[in-house]
């Protein structure tokens, strides 16, 4: 593996924050309590996984036009979770323009696929993840990659049909750096570059993807700050990555060959354990969740047209203890936060200036719940 730049040493504190695993609490009935009325036809959906150690399931919430959530169903994956946090972004994702849902079963080393309809989810298949402890899924058109967190870390690829069938791609499984402890895998907007963040090594890996779906030619770049975790691409293809150890976001340019160059390095938010990242569709605003006590909040950033980052609000929202996974509705009018230790999903309306106004809270979740996807 080629290593470009000085590899940053991850502080013990930073890695501990990034690998934070919360104890599993008994799941109670899940209730959705919109601040504004959630009456009327569903305008969208929000999904999370229970990550239950014996019987994983997808929780489906309908989203009203005002952002309110209502629990609509629970759908078994047929696999097992871990019963604790995964320390990753992308455990559940939507594909095929929202008609297919994919989720990890980290305890049984599988991916699950479901068809999505107005009446709920229909299970399609479970497939082996190509490694152990799958934690994050990437999708571009009909190509799927998963990053496995166990056994040193690896990636594996699959073809996806419009009906949700997953077929492993021969020769696609590749190991990551020794002791990588990955956090996320995702494609750039072109689908030509696959990106993986490695928490323990503070590396950002890029792979180029060929016409056969094989991601190869890995190059590793030193993260601007220690413990790169979650990331997202803006609408101009800039890569924005959180850094748990220093509570910051950095932005990068990613070229078609996978070459990564820093735009804004480690713009700190002054909080703790900045881990998960989402960006609005217009590319103007990025948000990160600060999962460490005593902060437990969301910080917001302005994203320039050239990818430069400016901290907007240190505390843009306070969704409860242990804010982890984040998701935007399909139109990015609403922003949702899973607070693992707060046992809730909280929803916010996104203002034209990037401000967040709470509109709903769905409580009663278990601490093991991971992943968040919305449409």
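The values are calculated or read from the model by the stated rules, or taken from the named source; none is laboratory data. These numbers were taken from a predicted model, which means no experiment stands behind them. Positions of Cβ are generated from backbone atoms using ideal geometry, with glycine treated the same way; all protein chains shown enter the neighbour counts.
Residue-level check: of (1) buried (at least 22 other Cβ atoms within 10 Å of the Cβ); (2) not in a strand (DSSP E or B), residue 282 misses just (1). Of the residues examined, residue 201 is one that is surrounded by 24 or more Cβ atoms within 10 Å (Cβ to Cβ) and either over 30 Å from residue 287 (Cα atoms) or out of contact with any strand residue (DSSP E or B) (no Cβ under 6 Å at 6 or more places or on another chain) (or both). Of the strands (runs of 3 or more DSSP E) lying entirely inside the range 98-185, those carrying at least 1 residues that are within 15 Å of residue 81 (Cα to Cα) are 100-105, 110-117, 120-128, 134-140, 143-148.
Within the range 156-175, take every residue that is over 20 Å from residue 116 (Cβ atoms) and touching a strand residue (DSSP E or B) at 6+ places or on another chain (Cβ under 6 Å) and give me the one that is surrounded by the fewest Cβ atoms within 10 Å (Cβ to Cβ). Filtering first and then ranking leaves 175. Here residue 293 fits the description: out of contact with any helix residue (DSSP H, G or I) (no Cβ under 8 Å at 6 or more places or on another chain), modelled with pLDDT under 95 and surrounded by fewer than 18 Cβ atoms within 10 Å (Cβ to Cβ). Condition (residue is buried (at least 24 other Cβ atoms within 10 Å of the Cβ), within 16 Å of residue 273 (Cβ to Cβ) and touching a strand residue (DSSP E or B) at 6+ places or on another chain (Cβ under 6 Å)) applied to the range 348-366: is it met by at least one residue? No, that holds for no residue.
Checked against (1) touching a strand residue (DSSP E or B) at 6+ places or on another chain (Cβ under 6 Å); (2) farther than 30 Å from residue 192 by Cβ; (3) surrounded by fewer than 22 Cβ atoms within 10 Å (Cβ to Cβ); (4) touching a residue at least 60 places away in the same chain (Cβ under 8 Å), residue 340 passes all but condition (3). For the range 309-332, the candidate set comprises residues that are under 17 Å from residue 244 (Cα atoms) and at pLDDT below 95; within that set, the residue that is surrounded by the fewest Cβ atoms within 10 Å (Cβ to Cβ) is 321.
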